[in-house]
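Worksheet: the structure to be examined is printed underneath.
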Amino acid sequence: NSGPPLAGPVFLEDWSAKSTHQLFRFARANMPFNAAGSLPEESYLNLIAFILAVNGAKPGPIPFTRDSDVIIGSIVSGNLVVPVLEGEPDPAAKSGRK
């Protein structure tokens with residue numbers, strides 16, 4: 001069984017007018033499949049942060065929490081972060097820097 005897309009144009013169409021708080025609540029209420037709400041809160045926060053990052057969001061000055069309530073379309077660029085999707089190593093790792 002698959003759920004809705006979490007990256008790309010369909011994700012943006014569905015979520016750009018909604019808030020990060022709504023996405024957090026959706027994830028907690030629906031993930032993982034057949035075990036909704038079973039993960040620690042930190043796992044859901046990390047999942048939402050990853051989904052936003054893949055869709056082009058940059059970290060902001062205020063830490064992301066379960067109560068964060070930012071309109072998703074105001075923070076994501078819609079440009080998919082391809083290295084994250086393809087599993088490419090961190091560019092700093094390629095040069096030997098950490």
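The heavy atoms of Lys18 present about 80 square angstrom of accessible area, all protein chains included, probe 1.4 Å.
Near Arg28: Cβ cut-off under 10 Å, other residues only, Lys/Arg at +1 and Asp/Glu at -1. The net charge is +1.
Measuring spread by the Cα atoms of segment 23-85 yields a radius of gyration and Dmax of 12.1, 35 Å.
The values are calculated or read from the model by the stated rules, or taken from the named source; none is laboratory data. Since the model is a prediction, treat every value here as computed from it, not as a measurement. Every residue, glycine among them, receives a Cβ derived from its backbone with ideal geometry; neighbour counts consider all protein chains shown. The protein model used for the area step is the full one, side chains on, heavy atoms only, and it has no ligands, DNA or RNA in it. Shrake-Rupley method; radii C 1.70, N 1.55, O 1.52, S 1.80 Å.
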